[in-house]
Every structure is written in structure tokens, then in C-alpha cells.
Amino acid sequence: MMFCEQCEQTASGNGCHQWGACGKSPEINAVQDLLVYCLRGLASVTIKARELGISCHEADIFTGEALFATMTNVNFHRKRFTTYIKRCIDIRENLKTAVKNNSNETIEWLGISNYQPNFSDSLSLQGQEKSLTFVESETKNVDIFSLKLTVLYGIKGAASYNFHAQELGQEDENVYSFIQEALAAIDRHNLSLNDWVNLALKVGEANLKAMELLDKGHTNRYGHPTPTKVPLNPKKGKAILVSGHDIKQLAALLEQTQNKDINIYTHGELLPAHGYPLLKEKYPHFYGHYGTAWQNQTKDFANFPGAIVVTTNCLMPPHENYEDKLFTLGPVGYPEINYLPYQDNSSPDFSTVIEKALEMPGFTIEENPREVMVGFAHNTVLNVADQVIEAVQQGKIRHFFLVGGCDGAKPGRTYYTEFVEKVPEDCIVLTLACGKFRFFDKQLGEIGNLPRLMDVGQCNDAYSAIKIALGLANAFNVTVNELPLSMILSWYEQKAVAVLLTLLYLGIKDIRLGPTLPAFITPNVFKLLSETYNLQPITTPDQDLAACLG
Ligand code: FSO
Ligand code: SF4
């Protein structure tokens, strides 16, 4: 028995109860739930410690990484969760001691903050019990439960972006403290439906800040993305494939593979990394892109003739025909799969990856050249804002569509391919995240000098799309909702939940969401969101296009 409905592929659209559609077993689900339970207990202690001016940095960073590890397709390794739970309790108890030493009052901690798992007994069983009690007690008010889950899943997404930002040296105390306040709120029973809606919108606000920090981390280190052609055809030679979202760890691998005659390829959400000029200039062996979105990895990874590193989600349970060349790092993990140790300077040690790549044949034949363009982030697009405005005023551009979000295996996701194919020729398509692989290599041509298909970046670069929308709204002297812009989004996991909450926090209306609505959103909560924001499910490409073009 298990309960999980945090992602779009949740079984039959109403929660995974026997086994995760993502491959997560009930045992792993239970230890993840136990970790989240312990993080909720740690959050209350951290809030008190922060009030007393005690440094909470260790708890802040740990909470982010631990939440990240519980997201869909990140970590399937029970031992890693045991370690996280032990560390969580240690950090909590150390903070309690610090609180005691810094306060004159005697503090009565809530039961959840005194909880002590029994490490000599099954943590899965203990997690299952906590999870069942939580679900049973919360389902008395299904709408509040729905919003509690929205907040929990949203902070998982925000925490993952914040984790990357912190790796790049960008931090904001307010984001950490909000994550802890939201975690602690899950155990509050005195909040109204309205309070929970407001808390969910605050998740969106915190996520906006986290994405902004991450954008700053990327652009400060690697420059602003510029339009860049990325080869899709492999070239002869030894090869390493890097998947996930972590550009810092990709950069560390590029550094460690210099002058080794190994070409580095991106996979999935790392495609936009080619747009960062300081990576391209410094590392000539940073070559091209291989494969498409995460759900195709069993085919892509099996066929890749070199070593493969997965830096974040979405990791699928590996097949035996490629597991020996697969490596994970950071919060990612799978039993028996190589996990990279970290060096003193906080970069992973990639020597085993390099050895594996050199042992393997690499690509032995050249293929005909194929390429895509990346690099249409906020700096690039807003630099040509004058051209965009002129084209709109002259009637050359009728409408902009942001067709972005996650990909996945459901057949209904062909909607997005069809939608882009049907977008009229006087309209521009902006895209981001892994959903773009449905149409990323389509030749949509140009309007004037502007490409009709522009890749804004990864899912966290929703920040860039927001900056572009705000920049254009400012230039046209209208609000974002008044721009000739429609957002057609696809979601899969908790980062997408965080991004959606950010858009709602910004008051963006008329978003179309698919391929299905989240199972954790009740009809009442959805009604509320549709009445306030006109959030609506996708229908058919023809019907939605006609409605957007009015
Ligand atoms: Fe995709 Fe996976 Fe980026 Fe997600 S690779 S589905 S929303 O993790 O984060 O877009
Ligand atoms: Fe099911 Fe998604 Fe949870 Fe996996 S993460 S168990 S697929 S709801």
C-alpha cells in the first residue's frame, strides 16, 4: 500500500496506491514520506532557531537537497534516504541544543519535532504508518488537503531550483525561511481554505525568487545565452552524455575532460546549456546534443556509445543494457548504479566516467549534419524588443504562444506537437523545458529576422519567459494579460507545479494546462482557480488556437 499523487503520470489519474507508475516501490515511497515527515519536524525547530539569530545554514541547504531527492524520478535508493533521515534528526537535535543555549524560556516542541525513528527497525514500515495517518486525518477536508499537497509539491519544485542556485553561490535567506514556514504549516489545522490559497501563491513568489537567483547564478558564471546552433548529429570519437538540469556539474565535467579527446553531449533539459557563451568558448569539446526528452532515455541511453551522467531528474529505472555506463550525482540515485564521489572543492570526481568513456567505442561513423538553435533567453529577446514591437505594430506578428513545460509518455501529449504545427505563420512560438522535444527541430522559418520558434531554455528559465513577457508588456504599455500572448503549458512533476504557482502569483490569466489536470487538485479548488485566473484544461489544438486568436 502507498499513497502518492505528486506527478502527472500518477496511476489512473487518482494516485499510485500499489506501485509507482514512475517505478517507485511502496518501500521507497514510504521512506521518502518519512523523510518529509522528519523535515516538517526540523522546519519548526529551524524557524525558532532563526528567530533567535542562530545560524540555520546547514538546515537550509539540507532541507533543499532532501526535498529535491523526494521528487519524481530523482532518487530510488533506500540507503540514501536512511542517511538523509539520520542527518535530518542530527541537524534538528543540534539546533534544539543551540536554541536551549540561546533562550531563557523552556520550549515545548511539537511531537513531530521530537519524533525519533527506530533505525534498527524497518523505516519503510514507520514511513507507511506516518503516511497513512496523515492521509486519513487530512481527507476529512479534501479541499484543504488538496491545497496542502499543492504547497508541499510546489515547495519541492522551488527547493530544487534553489538547490541549484545555492550551488552557484546565489542564496536568499527569505527563500529558505519560506520553505521551512510552508513545511511547518502542513501540521497546522487552524488555517482556512483562503489561507491555504494564499500560501500556495506565496510558494509561487518564493519560486520566482529561486528562479531569479538561479538565472543570476547561470548568467554571472557563464554569460547571457546567445543564439547558438547545436549539432544533433554525433561526430566520430569518444563520448560522454550529460542529462538533467545541472549546468554547474556539466561545467565541472567539461573542465575535467579537457584535452582528453572526448566529446561532450547534452541530453534532455541540458540542451540550452549550449547557449551559454563562456561554456562554448572555453570548452571546444562541448560538442552537441543527443536524444530527446526524459521518457525516451531507455532508448537514447542504450544506443549511446559512451558514458552517461544523470545530474537531476528525470531518471527512469535503468535497463540492464546500459546500467554499467550510467553514473549519478548529487540528490540523484538508484541502487547499484555508480554514484560519483565529491572532491574537496565540491565538484564531483568524474575520473570513473572518463575511464568508462575511454573504454567504450564512442561514435565510429559520421552522420549528416542536423542542428537546432538555442539561446533565446530574456537578454537576447529583449535586446531585439524594438524589432518585435515594430513587427507587431506593422501586423507582421499577430500573436505569441508560449508552448512550454514537461514532456512525458502519455499519448495525449501529441496535442503540443499538433498545436505548434498548426500555429499560423504570422505567430511566434516561444518554448522551454523538455516538452519542446515534441517539436524542437521543426523548421518554422522566420518573421523578418526573428525566428518563429525560439527556445528560451530549461524549465527554470520560465523566469526568462516571465522577464520577456514583462519587458514586452512594459514596452507596449499594457499588462501581461493584455499582450497578444497565450500560455499553453504541459506539466509532469513538481518543478512544473512551482512554475504554475509562480505564474498564478503574478496574476497571469487564461493559462491552458495539460495533458491532464493534477490529481491532487480537487474540483472545488480547480473551480476556484478557474474563476480567479481562468486557468483551463487544454481541449483540442484547433479549438484552443481559435480561442487564443479570438
Ligand atoms: Fe522535464 Fe523532468 Fe525540467 Fe521536469 S526533465 S520533466 S518539470 O524534471 O524539470 O522539464
Ligand atoms: Fe506515482 Fe508520480 Fe508518485 Fe511516481 S511520483 S509514485 S508516478 S504519483
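The values are calculated or read from the model by the stated rules, or taken from the named source; none is laboratory data. These numbers were taken from a predicted model, which means no experiment stands behind them. Here Cβ is always computed from backbone atoms with ideal geometry, including for glycine, and neighbour counts include all displayed protein chains. Please note that ligands, DNA and RNA were not included when accessible areas were found on the heavy atoms of the full protein model with its side chains. Shrake-Rupley method; radii C 1.70, N 1.55, O 1.52, S 1.80 Å.
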Residue-wise HN-Hα coupling along region 436-441, computed from phi with Karplus coefficients 6.51, -1.76, 1.60 (Hz; x: Gly, Pro)
5, 5, 5, 8, 4, 9
Loop-located chymotrypsin sites (Phe, Trp or Tyr not before Pro) in region 429-486 whose Cβ has at most 13 other Cβ within 10 Å (DSSP)
none
What is the Cα coordinate range of the chain on the first, second and third principal axes, sorted by size from largest, in whole angstrom?
69, 58, 44
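What are the GluC sites (Glu not before Pro) within region 283-350 that DSSP puts in a loop, where the Cβ has at most 14 other Cβ atoms within 10 Å?
Numbers: sites: Glu320, Glu323, Glu336; in loops: Glu320, Glu336.
For GluC sites (Glu not before Pro) across region 283-350 that sit outside H, G, I, E and B with at most 14 neighbouring Cβ atoms in 10 Å, the list reads Glu320, Glu336.
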Across region 236-248, in residue order, what do the Karplus-derived ³J(HN,Hα) couplings come to in whole Hz, using 6.51 cos²θ - 1.76 cosθ + 1.60 with θ = phi - 60° and x for Gly and Pro?
4, x, 5, 8, 10, 10, 10, 10, x, 10, 7, 6, 5
Proximal aspartates and glutamates to Lys48, defined as alpha-carbon separation beneath 20 angstrom and excluding residues fewer than eight positions away on the same chain
Glu58, Asp60, Asp90, Glu93, Glu105, Glu108, Asp172, Glu173, Glu181, Asp187
Computed on Cα atoms only, the convex hull of region 228-359 has an orientation-averaged projected area in nm² of 7.4
Loop-located GluC sites (Glu not before Pro) in region 407-475, at most 16 other Cβ atoms within 10 Å (DSSP)
Glu425
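Pull out the extension gain between Lys299 and Glu390, defined as 0.36 nm times the separation in residues minus the alpha carbon to alpha carbon distance; nm, one decimal.
Values: separation 91, 0.36 × 91 = 32.76 nm, distance 4.49 nm.
Length gained between Lys299 and Glu390: 28.3 nm.
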Under the Karplus relation with 6.51, -1.76 and 1.60 and θ = phi - 60°, whole-Hz ³J(HN,Hα) for region 138-146, x at Gly and Pro, equal 7, 6, 5, 10, 5, 6, 5, 4, 4
For Ser486, residues with placed amide H under 5 Å, excluding near neighbours
Phe400, Phe401, Leu402
To the nearest µm²/s, what D does Stokes-Einstein give for region 419-493 at 25 °C and 0.890 mPa s, using the Kirkwood radius over alpha carbon pairs as Rh?
183
Cα gyration tensor of region 1-140 diagonalised, 5x eigenvalues square-rooted, in angstrom largest first, produces semi-axes 30, 15, 14
Of Thr83, Leu208, Leu149, which is farthest towards the positive pole of region 11-220's charge dipole, taken about the Cα centre with +1 and -1 on the beta-carbons of Lys, Arg and Asp, Glu respectively?
Thr83
Quick one: which residues, 5 or more positions from Ile397 or on another chain, have an amide H under 5 Å from its amide H? H modelled 1.01 Å from N in the peptide plane, none for Pro or chain starts.
Val392
Which of Gly408, Ile397, Val423, positive extreme of dipole for region 382-425 (C-beta unit charges):
Gly408
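At 1.4 Å probe radius, can you tell me the per residue accessible area of region 360-457 in Å²? Don't jump to the answer; show the numbers that get you there.
Numbers: 4380 Å² over 98 residues.
That works out to 45 Å² per residue.
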